[in-house]
1. What residues from region 232-262 fall in the zone where the backbone N is under 16 Å from a label point 7 Å along the Cα-to-C-beta line of Asp150?
2. Could you list, in their original order, any pairs among Lys165/Lys295; Lys165/Lys396; Lys70/Lys362; Lys320/Lys352; Lys70/Lys180; Lys382/Lys407 whose Cα atoms are separated by more than 21 Å?
3. What ranking do Val312, Val58 get, fewest neighbouring Cβ atoms within 10 angstrom at the top?
4. Using alpha carbon centroids, what distance separates region 166-201 and region 336-360, in Å?
5. If we count other beta carbons within 10 Å of each Cβ, what is the order of Ser377, Ser234, fewest first?
6. Report the relative contact order of region 245-285, percent, no decimals, based on alpha-carbon pairs under 8 angstrom and at least 6 residues apart.
7. Quick check for you: which residues of region 168-212 have the amide N under 15 Å from the point 7 Å beyond the Cα of Arg124 toward its beta carbon?
8. Which of Ser372, Ser338 has the fewest other C-beta atoms within 10 Å, and how do the rest follow up to the most?
Amino acid sequence: MKNSGKPVVDGSLCTSCGKCVAKCPLGAVVISQITSRQKSEVTHHSIELKQWKQSPHVIDEAVFRRFSEKDTIFARVQNDPDFEDYQVGIHSHLDVILKARRPGYSRIDHALSSASWTVYDHFRGAFSWSKLDHTSDAKFDAELGKSPVDKIEVDDPERTTHLVKQAARAYGAVLVGVCKLDRNWIYTHNRKGDAINIPNHIDNAIVIAVEMDLEALQTTPAYPGAFATGNGYSRMAFIQACLAEFIRSLGYDAIPAGNNLGLSVPLAIDAGLGQYGRHGLLITPEFGSNVRLCKVFTDLPLISDSPIEFGVLDFCRTCKTCAEACPSSSISYDDNPSWAGPTRSNNPGILKWYVNVESCYKYWTLNGNDCSRCIVSCPFTKNRHWSHGMTRFFIKHLPWLNRLWVKLDNWMGYGKQRNPTTFWKPEKEFIHTRKGNQ
Ligand code: SF4
Ligand code: SF4
């Protein structure tokens with residue numbers, strides 16, 4: 001309203017970063033149907049804790065049950081008529097969103113993001129439980145006078161583990177860890193409701209982290225940020241497919257998985273890649289939460305890594321930056337982790353911070369796009385500059401300084417949204433062009 005004295009939002013500049021929603025003390029700023037701060041209502045109860053032997057997870061065994069993929073939020077969009085956003089896809093409001101012409105939400109931005117999922121969504125070989133190409137190995141083994149199904153002998157599992165990790169790195173992994181396959185983290189059923197039965201002889205999990213394009217991700221929740229996510233998923237598919245095929249070529253079984261088959265974060269924790277954060281995601285010492293996770297389950301004899309601890313729990317108690325940055329207020333502000341989350345998609349019985357994935361998903365549908373504000377706002381999510389390594393050292397060894405690091409992080413403006421239009425600026429060009437050929 002002209003001259004009303006009230007602030008107005010310039011729609012041509014707003015990128016829906018959600019900062020104003022999270023900051024307004026009266027909850028006066030809302031994103032469409034999100035009308036109130038949906039704080040995680042969690043139950044705290046006193047039980048005798050049991051720390052699993054050599055396990056970083058604290059489990060209430062009376063409550064904990066294996067989870068079903070049918071209960072994950074994306075499956076419930078398709079199968080749960082009681083869910084408020086039943087059959088409301090992320091792109092349901094796409095027409096309206098594209099017509100608003102906000103920075104980072106153009107047809108071109110959307111095309112970039114949408115196409116980045118191509119390999120993950122369409123290359124079914126990435127999820128195959130059996131060998132994709134028998135011909136070349138059959139020929140090779142025939143020349144050696146061997147049957148194509150012969151296993152290579154593993155007399156030095158340490159060396160084999162090293163080779164598998166090197167292969168994963170060669171295919172594009174930035175972190176690789178190995179753990180015994182804890183079937184508590186395997187889904188009971190897939191999204192369609194079919195039981196998941198990983199054969200008993202499959203006893204190892206190789207967990208792989210793929211780094212996302214941090215500069216692109218920092219434009220989240222605009223489409224270039226979503227490109228970084230989709231691109232990470234497609235590279236997961238590439239790596240998991242190649243690594244599984246590599247192992248099968250050695251004569252062993254390999255079952256690759258992206259987000260399917262089991263919970264990636266606890267498996268990654270078991271494999272020594274990192275720790276749980278308040279935002280429910282993995283925090284690694286090297287990349288913070290700027291990773292996507294995939295895994296390959298196998299019977300190849302391998303040596304397990306040990307879980308790691310580098311001060312994340314204490315830091316998260318102090319920090320809460322992701323909770324402040326979350327545009328849908330889906331992340332808990334509670335000082336301590338709890339035993340249960342607010343929705344059916346949180347499997348209770350594990351001591352951690354739970355995220356309200358229903359309100360998170362609602363924001364995604366209103367944004368027409370995924371969101372990674374919790375990833376980029378996390379002070380652990382940094383590039384590999386030496387100064388950040390030094391901070392991580394202090395976090396691990398001098399936790400009483402944690403409050404200072406949180407303040408400094410905010411003060412330096414780390415984690416705030418990067419202007420999405422910078423994604424297409426010349427410095428982002430990676431294709432060599434000649435004069436007159438542009
Ligand atoms: S992705 Fe993270 S920051 Fe974004 S709405 Fe969900 S919980 Fe909040
Ligand atoms: S932003 Fe802070 S509270 Fe949230 S996960 Fe990262 S360190 Fe923990």
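1. 249-252
2. In this structure, Lys165/Lys396; Lys70/Lys180 exceed 21 Å between Cα atoms.
3. On the way: Val312 24, Val58 15.
By the 10 Å Cβ count, ascending: Val58, Val312.
4. 22
5. Details: Ser377 27, Ser234 23.
Starting with the residue having the fewest Cβ neighbours, the order is Ser234, Ser377.
6. Details: 23 pairs, mean separation 9.1, N = 41.
About 22 percent, as a whole number.
7. Taking a point 7 Å out along Cα→Cβ of Arg124, no residue of region 168-212 has its backbone N under 15 Å.
8. With the sparsest Cβ surroundings first, the list reads Ser338, Ser372.
FYI, it's all coordinate maths here, none of it is from the lab. Note that the structure is predicted; figures quoted are calculated from it, not measured. Ideal geometry is used to build each Cβ from the backbone, glycine not excepted, and the neighbour counts take in all protein chains shown.
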